[in-house]
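Colleague: Take this structure, written in structure tokens, and hold onto it; I'll ask about it next.
The values are calculated or read from the model by the stated rules, or taken from the named source; none is laboratory data. Here the structure is a predicted model, which means the values were calculated and not measured. With ideal geometry, Cβ positions are generated from the backbone for all residues, glycine too; neighbour counts draw on all protein chains shown. Note: accessible area is taken over every heavy atom of the protein model, side chains too, but ligands, DNA and RNA are not part of it. Shrake-Rupley method; radii C 1.70, N 1.55, O 1.52, S 1.80 Å.
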Amino acid sequence: MRLDQISLSRDDKQVLHDINMEWKRGETIALIGANGAGKSSLLKVLATLWKPSSGKLIYPDNTIKQWQKNLGVVFPDSFLYDALTAIENLEFYQKLYGGSDRKRLDSLLQAVRLADVATEKVGTFSKGMRQRLSIARALTHYPSYLLLDEPFDGLDVSSRDIVQNLLLQLKEQKTGYILVSHNLDDAMHLCERALLIDNGEITAESRCTQEAFPSFVEQYHSVLKENNHAVY
Ligand SMILES: Nc1ncnc2c1ncn2[C@@H]1O[C@H](COP(=O)(O)OP(=O)(O)OP(=O)(O)O)[C@@H](O)[C@H]1O
């Protein structure tokens, strides 16, 4: 997937400015930036939920339909149905993509450690359980690309561990993802490359290696200082 000079305005405000980026199949990218920098907006453009005001999206197979089929999304509003059970939620989404592979759903529930509560209604689930189910939901159709908007937000240690391990497995299996996170350790350990977004522009990028990453972290900290955010 390639973005060529993408800009986006919402309510007369320019939210993204001339974004150029490439997301290779199987590549794992951390998207880092202060609050309001434009991370979620960029994910929404990639998810084809928001249409850019200018610029071009160049899809891997040249078709938007194929791109949408190949994409899984995990956004903070979890798109789960409280009145349905965990397995029913997954079945519902799998059907939307034309699939009916119960084995896949069972193995996803195992992977996110929800197999024991497969037949319980999602309305009774904790935030961590919902988040884990959202990730399973996003994977029902074997996407090659995954968008993850702060998937660790509000998770306790055990849910964090489960999600981290799942992402490491996906990375190994060459399922690419873009991970929005405020946690630089997550970026470093879970991603190959990091992009810094500031005021809607990509202002730095780095490999997530011990050698390269510290200078990226410094750049991020100076952005936070300029924006009067706490450095953490
Ligand atoms: N629907 C909208 N209408 C108008 N402005 C919006 C809309 N959504 C986002 N914005 C503005 O776009 C800018 C970028 O927001 P965005 O949510 O993409 O940032 P973010 O980096 O994901 O922030 P956070 O870390 O707080 O989630 C912000 O200034 C925000 O106020």
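Colleague: Leaving out ligands, DNA and RNA, what percent of the accessible area of the chain is carbon and sulfur, probe 1.4 Å? Walk me through the numbers before you get to the answer.
Modeller: Working: 5320 of 11580 Å².
C and S fraction of accessible area: 46 percent.
Colleague: Expressed as an acute angle from 0 to 90° and rounded to the nearest 10, what is the orientation of the C-alpha long axis of helix 213-226 relative to the principal long axis of the chain?
Modeller: The angle comes out at about 70 degrees.
Colleague: Let me ask something else. Can you compute the modelled spin-label distance between LYS51 and ASN165, with each label point 7 Å from Cα toward Cβ, in nm?
Modeller: Between LYS51 and ASN165, the simple spin-label model gives 4.5 nm.
Colleague: What angle do you read, to the nearest 10 degrees and between 0 and 90, between the alpha-carbon axis of helix 86-96 and the longest principal axis of the chain?
Modeller: So the inclination is approximately 70 degrees.
Colleague: Separate question: I need the phi-derived Karplus couplings for the stretch 108-123: 6.51 cos²θ - 1.76 cosθ + 1.60, θ = phi - 60°, integer Hz, Gly and Pro marked x.
Modeller: 5, 5, 4, 4, 9, 6, 10, 4, 5, 10, 4, 9, 9, 5, 5, x
Colleague: GNM on the chain, C-alpha springs below 10 Å: top fluctuator among ILE87, ILE135, ILE32?
Modeller: Ranking ILE87, ILE135, ILE32 by mean-square fluctuation puts ILE87 first.
Colleague: May I ask you to order 38-46, 211-219 by the average number of other C-beta atoms within 10 Å around their residues, highest value first? Intermediate results must be reported in sequence, preceding the final value.
Modeller: Details: 38-46: 22.0, 211-219: 14.6.
Top to bottom by mean Cβ count within 10 Å: 38-46, 211-219.
Colleague: How large is the accessible surface per residue of the chain, computed with a 1.4 Å probe and reported in Å² as a whole number? Don't skip to the answer; put the middle values down first.
Modeller: Working: 11580 Å² over 232 residues.
I get 50 Å² per residue for the chain.
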